[in-house]
1. For region 22-46, which residues satisfy the criterion of being surrounded by 18 or more Cβ atoms within 10 Å (Cβ to Cβ) and in contact with a His (Cβ under 9 Å, 6 or more places away or on another chain)?
2. Residue 55 versus (1) surrounded by fewer than 16 Cβ atoms within 10 Å (Cβ to Cβ); (2) modelled with pLDDT of 90 or more: which is the lone unmet condition?
3. Mind listing whichever residues of region 111-124 are in contact (Cβ under 8 Å) with a residue 24 or more places away in the chain and not small (Gly, Ala, Ser)?
4. Which of the residues that make up region 115-154 are within 16 Å of residue 103 (Cα to Cα) and over 24 Å from the mean Cα position of the chain (by Cα)?
5. Checking the condition touching a helix residue (DSSP H, G or I) at 6+ places or on another chain (Cβ under 8 Å) and surrounded by fewer than 18 Cβ atoms within 10 Å (Cβ to Cβ), which residue from 85, 135, 65 passes?
6. May I ask you to list pairs of residues, at least six apart or on different chains, whose Cβ atoms are under 6 Å apart, with the first in region 1-26 being under 22 Å from residue 87 (Cβ atoms) and the second being assigned to a strand (DSSP E or B) and basic (Lys, Arg)?
7. Test of understanding: among 102, 58, 108, which residue is within 30 Å of residue 144 (Cα to Cα) and free of Cβ contacts under 8 Å to residues at least 24 places away in the same chain?
8. Based on what the data block shows, is residue 163 in the same structural domain as residue 104 (by TED's automatic domain parsing) and among the hydroxyl-bearing types (Ser, Thr, Tyr)?
Amino acid sequence: MQAALETSLTENQIGFCIKDKSKQVLYQNDVCTGICGFLQNQTCAIGCMELYENDDTQQWKENGSCVYKNTYVHEQFYDVTVLVSDAQLITFLQPLKVNHQQAIAFYQNKGLSEKELKVITHVIQNFSNEAIYQSLNISKATLKTHLNNIYRKVREQGEEPKYIPHQRR
């Protein structure tokens, strides 16, 4: 069973790490080592542990699960899951590079302008509206116009907009 789990995680390029309650790394698979570096027997305070430590939204932070969807850590986007028990923290880093490429490809043949493609790329990557208009040096109103145009163009082709994460305002 353990070998099957390890094989499945590796084949899907999912980083996997087990830490004790003091955040000392007890085990990490090769994918995790490639993402975070070799941290065996060291205390980890980066990436997923930084997310977890700074998360004040969890009701029972010391036991349960924390999920951070479409999150930028280690210079890439991942879905990060932290499972917490009385003795250990288990983390999974699922890369989203392929998902983002597929989502962007969906919009590339929808007749969007260059600026609209930049906007939807930021949306797919879960940037907040404020981060998008600041990054692209546009106003809030212009961002709203671009988003409405994107959704209208997609719907005119008989499709619904896809790959849109819940947007943070």
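1. 35, 36
2. If we test residue 55 against (1) surrounded by fewer than 16 Cβ atoms within 10 Å (Cβ to Cβ); (2) modelled with pLDDT of 90 or more, just (2) comes out false.
3. Listed by number, the residues that qualify are 112, 115, 116, 119, 120, 123, 124.
4. Pass one, region 115-154, residues within 16 Å of residue 103 (Cα to Cα): 116-127, 147, 150-151, 153-154.
153, 154 - these are the residues of region 115-154 that are within 16 Å of residue 103 (Cα to Cα) and over 24 Å from the mean Cα position of the chain (by Cα).
5. Unique residue meeting the criteria: 135.
6. Final answer for the pair search is 25/19.
7. 108
8. In short, no.
The values are calculated or read from the model by the stated rules, or taken from the named source; none is laboratory data. What you are looking at is a predicted structure, and each value in this text was computed from that prediction instead of being measured. Methodologically, a virtual Cβ is constructed for each residue, glycine included, from the backbone with ideal geometry; neighbour enumeration extends over all protein chains shown.
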